[in-house]
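Asker: One structure follows; several queries about it will come next.
The values are calculated or read from the model by the stated rules, or taken from the named source; none is laboratory data. No experiment lies behind these values; they were computed from the predicted model shown. Reconstructed Cβ throughout: ideal geometry from the backbone, glycine too, with neighbour counts over all protein chains shown.
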Amino acid sequence: MQDANFSQIDGVIPQEIVEPSSVSEVQSMLDQAVKKKLSVIPAGNGSKLSIGNPPTQIDLLMTMRKFDKVVEYIPDDLTITVGSGMLLKDVQKILADNNQLLPTNPPYENDATIGGVVATNSSGPHRLRYGTTRDLVLGLRVVQASGTIIKAGGKVVKNVAGYDINKLYIASYGTLGIITEASFKLFPKPEIERTMLLTFSQHSKAIRVATEILKSQLLPVFVNFFSTGIPTTEVLDPCLLVGIDGHPETVSWQIDQINSIADLNGAVKIEVSKDQKQSELRSRLCAFPEGKWSDPVVICRINIRPSDVSDFISSVLDIVDPFSVHAMSHIGNGTVYLILSDFVEEQFDLLATILTILRNQVANIQGNLILETAPLGLKNLIDVWGEAGKKSQLMTQIKSKLDPTNILNPGRFVSGI
């Protein structure tokens, strides 16, 4: 099988690409991998394979794309169980027929599979209202390296008693098992959706308005800040995108309140969008971290306290000079994406130094900085995950218990797990 998504990972070409179509086939392939001591890298549709340390060797790249069916969907219960290889966008289309949605809208949402979204806990701007993907998962079916099938959680909203084993596999980046199916809790689609675009002359004013909105009684679905406008649109200045969904009267009231807050804090322009214009803006919001920039590019994801976002972004704009930088933040959750571009290979050492300074600054405020995308030469100069600290020993112990032969995505996760 040939597929451009899987042709290489950080320059390493898979020795073999396999596509199991059943759980028994996954078990058989893992059994052979253990016996022959072959490394196995799980994949969905390949949209997030750039995340992680460079692999030393890829013996088997196991794509789960044939696990692409709905296992069970009960609209009245607001739950669905699907195969891990099913595209997220296809799940959303099925749910839309019943005016329901799975409220996660992560980057690469048009290409991402359910398994990839769960394995990376990939989440988008809707996390402000609905939480991350981790909060939406009810249950998982996972095949461990030993071939043992683990069924964690269930198919109803209140199903956890004792330890929530799901949390082990969510955001484990395929290092602990192969996810074959996942169950989620769903939500009704809102009656109406509106998106406000607030433009400012200075990024500090935009962040001040975002902070005021988040401190108020308003209930936006998302509040996102862009430091240099919205890519692939005509908006070039610091701005906010604010999503307001729900009952028409409530939405109208919230729009009025946000208008007042923005006016009082120096907004240059206020627009309210719906329909096609709204769809385009929300699509650009989700797609920001996808890396549709001129190569080479570095995409960083920073997780800090929401109260630290303003000061952090101000300092970033000074530290990263002379490189081009674009910042976007899910302000209410403290997630900041940085896109660094306009550099050449000869500047990798300088870039590594700057990223280390940023990482140390983030660590000082109890946050973390991850390189989601970077050229191989830069990855060889700086660890993409950063220090795990006291968590490293525990993570290593869990890995040794669940994957004692270390065949699943070896060396690519935190602390070289």
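Asker: Please work out which residue is surrounded by the fewest Cβ atoms within 10 Å (Cβ to Cβ), limiting yourself to the stretch 120-157 and to residues that are assigned to a strand (DSSP E or B) and of a type in the set (A, V, I, L, M).
Answerer: Taking the stretch 120-157 and keeping what is assigned to a strand (DSSP E or B), we get 137-143, 149-153.
Then drop every residue that is not of a type in the set (A, V, I, L, M), which leaves 137-138, 140, 142-143, 149-150, 152.
Values: 137: 24, 138: 22, 140: 25, 142: 26, 143: 22, 149: 15, 150: 17, 152: 22.
Of everything passing the filter in the stretch 120-157, 149 is surrounded by the fewest Cβ atoms within 10 Å (Cβ to Cβ).
Conditions (1) more than 22 Å from the chain's Cα centre (by Cα); (2) not in a loop (DSSP other than H, G, I, E, B), marked per residue:
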position: 38; (1), (2): yes, no
position: 42; (1), (2): no, yes
position: 46; (1), (2): no, no
position: 51; (1), (2): no, no
position: 58; (1), (2): yes, no
position: 72; (1), (2): yes, yes
position: 76; (1), (2): yes, yes
position: 81; (1), (2): no, yes
position: 85; (1), (2): no, no
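Asker: Another question about this same structure. Which pairs do you get when a residue that is of a type outside the set (A, V, I, L, M), found in the stretch 396-408, comes within reach of a residue that is part of a strand (DSSP E or B), reach meaning Cβ atoms under 9 angstrom, with the pair 6+ apart or on two chains?
Answerer: Every condition considered, the pairs that remain are 399/408.
Asker: I would also like to ask the following. Just checking, does the stretch 22-37 include any residue being buried (at least 16 other Cβ atoms within 10 Å of the Cβ), closer than 26 Å to residue 380 by Cα and in contact with a strand residue (DSSP E or B) (Cβ under 8 Å, 6 or more places away or on another chain)? Spell out how you get there, then give the answer.
Answerer: If we filter the stretch 22-37 for residues that are buried (at least 16 other Cβ atoms within 10 Å of the Cβ), which is where we start, we get 23, 26-27, 29-30, 33-34.
Right, trim to closer than 26 Å to residue 380 by Cα and you get none.
Scanning the stretch 22-37, I find no residue that is buried (at least 16 other Cβ atoms within 10 Å of the Cβ), closer than 26 Å to residue 380 by Cα and in contact with a strand residue (DSSP E or B) (Cβ under 8 Å, 6 or more places away or on another chain), so the answer is no.
Asker: Can you give me the ranges of the strands (runs of 3 or more DSSP E) entirely in the stretch 189-246 with at least 2 residues that are outside the structural domain of residue 313 (by TED's automatic domain parsing) and surrounded by fewer than 22 Cβ atoms within 10 Å (Cβ to Cβ)?
Answerer: Output list reads 192-199, 239-246.
Residues are listed down the side, and each one gets a yes or a no for (1) at pLDDT 95 or above; (2) part of a loop (DSSP other than H, G, I, E, B); (3) under 25 Å from the mean Cα position of the chain (by Cα):
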| residue | (1), (2), (3) |
| --- | --- |
| 254 | yes, no, no |
| 288 | no, no, yes |
| 294 | no, yes, yes |
| 309 | no, no, yes |
| 312 | no, no, yes |
| 325 | no, no, yes |
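Asker: Continuing with the same structure: With respect to the numbered conditions (1) closer than 24 Å to residue 309 by Cα; (2) modelled with pLDDT of 95 or more, which one is the sole condition not fulfilled by residue 348?
Answerer: (1)
Asker: Continuing with the same structure: Could you please find all residues in the stretch 327-348 being closer than 19 Å to residue 295 by Cβ and either part of a helix (DSSP H, G or I) or of a type in the set (Gly, Ala, Ser) (or both)?
Answerer: 341, 345, 346, 347, 348
Asker: If I ask for residues that are β-branched (Val, Ile, Thr) and over 20 Å from the mean Cα position of the chain (by Cα), which ones from the stretch 336-391 would you list?
Answerer: Our first condition is that a residue be β-branched (Val, Ile, Thr); within the stretch 336-391, this holds for 336, 339, 344, 353-354, 356-357, 362, 365, 370, 373, 382, 384.
Answer for the stretch 336-391, where residues must be β-branched (Val, Ile, Thr) and over 20 Å from the mean Cα position of the chain (by Cα): 344, 353, 354, 356, 357, 365, 382.
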